[in-house]
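Take a look at the structure set out below.
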Amino acid sequence: MYLTKWEEKALNGEFGEALAKAMKIIVSVGEALDAERLVEISHAHVSGISIDNIGLHGVEVLENFAKMGAHVRVYTTANPCSAALYMDNDVGMAQRRIVEALRSMGIDVENSLTCAPYLVRKPSYGEHLAWAESSAVIIANSLYGAKTNREGGIVALAAAIAGRTYEAGLHLDEERRPHELVRVKQEIKSVFEASILGLAIGAKGVTLPLIDANVVCRLRITAIKNMLASIASTSSCGMAIIKGFSPYKIDETSIHELERIDVDSYELRMVCEDVCNTILVGCPHLPEDEVAELLLEIVASPIAKHVDKVVVTCGNRFRVSQNLQHAIDKLRRLGIEVDIIRGVCLVVSKSSGIRCVSTPHGKALYYIPKLLRACVYPVNI
């Protein structure tokens, strides 16, 4: 791999142990992927910060980086924590140690702790990122035209400290062309249906799909983001192209060369007969007005009579807008409690004791049974 003089010095430890360690991680991954050089990034996003996921050994890894004097060279955000963040016990204390280690390295935890870093800082077309959150990666590549691979949490942290990542995978234009044409044989009308579509597309083993615009072009952006997050949940896919939403020109003459993948109505069936009395909204995290839309749909839905509580998970930057307060007031008049939990993801919150939840989000439907061993019911809103 070609390295600049500065990169060679950094790798050899001339600028400190922490930067040398970060460079070694980035260079090693890049060499394994046949990258020819490194590329400067403008935004890193670190995942793997839930105490329920990384345990005390993970806490020590992050604290050791901080003790070595590690400090990020580019703007850096972080994923949500476990709900243990708000618990007054040993697990909660360990979760707060993670946040303090990140803060000491210069990571903007005050404005992030979200799986939607594009809400904190909007990516630019063509800019290189190093993001470690599957739903954020596919949205950055697909909707903003930014360039990032699906990184592991430590690789993203190393990239943040080095200010660089390896130039391979989705950082290369030739790797950002569609491989499959996905045709959907059912109209998609809701966030829930878009989520189930995404789970089905991902389960097909897609690598970089071009999705039939006739099906999704009438959907609002909330549904598109949920579809993309669901694709990333059931596959390793880091990018999709959607006409009308993705900022790319499509070579129409080459579409006939793509592998055809059909998704029929049978594959999109998920019966919503049962509902838990708690509904989760915000997986991935959504901006205030998109949350308000979903809450108003709960108000207008027959399921409202079965619901006691709505839990909204969001990033630290989330504020209650006028529209959102209006929706919350309507739910409360129906006797439904609304909890807004900032900086947290229920999917990575084993210590929360969650046993049952309903949700329209495909990402949560996929991960909650696997990671929390909890019951989760689909709700069509």
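The values are calculated or read from the model by the stated rules, or taken from the named source; none is laboratory data. In this text the structure is predicted, and so the values were computed from the model without any measurement. All Cβ positions, even for glycine, are placed from backbone atoms using ideal geometry, and neighbour counts span all protein chains on display.
There is no residue in segment 121-128 that is crowded, with 24+ Cβ neighbours inside 10 Å and in contact (Cβ under 8 Å) with a residue 12 or more places away in the chain.
Out of the residues in segment 1-30 meeting the condition of being in a helix (DSSP H, G or I) and without any contact (Cβ under 8 Å) to a residue 12 or more places away in the chain, tell me which one is surrounded by the most Cβ atoms within 10 Å (Cβ to Cβ). Let's see the steps before the verdict.
Here is the first cut: in segment 1-30, the residues in a helix (DSSP H, G or I) are 5-11, 17-30.
Narrowing the set further to residues that are without any contact (Cβ under 8 Å) to a residue 12 or more places away in the chain leaves 5-6, 8-9, 20, 28.
Details: 5: 7, 6: 12, 8: 12, 9: 15, 20: 18, 28: 14.
Checked segment 1-30; the qualifying residue surrounded by the most Cβ atoms within 10 Å (Cβ to Cβ) is 20.
Kindly evaluate residue 268 against the criterion of being aliphatic (A, V, I, L, M) and more than 30 Å from residue 19 (Cβ to Cβ).
Yes: the conditions hold for residue 268.
Give the residues of segment 98-120 that are surrounded by fewer than 23 Cβ atoms within 10 Å (Cβ to Cβ), of a type in the set (S, T, N, Q) and out of contact with any Lys or Arg (no Cβ under 6 Å at 6 or more places or on another chain), sorted by residue number. Within segment 98-120, 104 is the sole residue that qualifies. Within segment 262-290, the residues that satisfy the criterion of being among the aliphatic types (A, V, I, L, M) and either under 13 Å from residue 359 (Cβ atoms) or surrounded by fewer than 19 Cβ atoms within 10 Å (Cβ to Cβ) (or both) are 268, 270, 271, 275, 279, 280, 281, 286.
Yes or no, residue by residue, for (1) surrounded by 14 or more Cβ atoms within 10 Å (Cβ to Cβ); (2) among the basic types (Lys, Arg); (3) over 23 Å from residue 281 (Cβ atoms); (4) in contact with a His (Cβ under 9 Å, 6 or more places away or on another chain):
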position	(1), (2), (3), (4)
208	yes, no, yes, yes
220	no, yes, no, no
226	yes, no, no, yes
230	yes, no, no, yes
255	no, no, yes, no
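For segment 329-349, how many residues meet the condition of being out of contact with any Ser or Thr (no Cβ under 7 Å at 6 or more places or on another chain) and modelled with pLDDT under 95? Steps first, please.
Here is the first cut: in segment 329-349, the ones out of contact with any Ser or Thr (no Cβ under 7 Å at 6 or more places or on another chain) are 329-340, 342-343, 347.
Now drop any that are not modelled with pLDDT under 95, which leaves 347.
Number of matching residues: 1.
Here's the yes/no breakdown for (1) touching a Lys or Arg at 6+ places or on another chain (Cβ under 8 Å); (2) of a type in the set (Ser, Thr, Tyr); (3) at positive phi:
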{"position": "169", "(1), (2), (3)": "no, no, yes"}
{"position": "181", "(1), (2), (3)": "yes, no, no"}
{"position": "190", "(1), (2), (3)": "no, yes, no"}
{"position": "197", "(1), (2), (3)": "no, no, no"}
{"position": "230", "(1), (2), (3)": "yes, yes, no"}
{"position": "237", "(1), (2), (3)": "no, no, no"}
{"position": "246", "(1), (2), (3)": "no, yes, no"}
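One residue stands out among those in segment 1-54 that are of a type in the set (Ser, Thr, Tyr) and within 24 Å of the chain's Cα centre (by Cα): the one that is farthest from residue 349 (Cα to Cα), which is 42.
With the structure loaded, tell me whether residue 50 is touching a Ser or Thr at 6+ places or on another chain (Cβ under 7 Å), among the small types (Gly, Ala, Ser) and under 28 Å from residue 172 (Cβ atoms) or whether it fails that test.
Numbers: touching a Ser or Thr at 6+ places or on another chain (Cβ under 7 Å): yes; among the small types (Gly, Ala, Ser): yes; under 28 Å from residue 172 (Cβ atoms): no.
The answer is no for residue 50.
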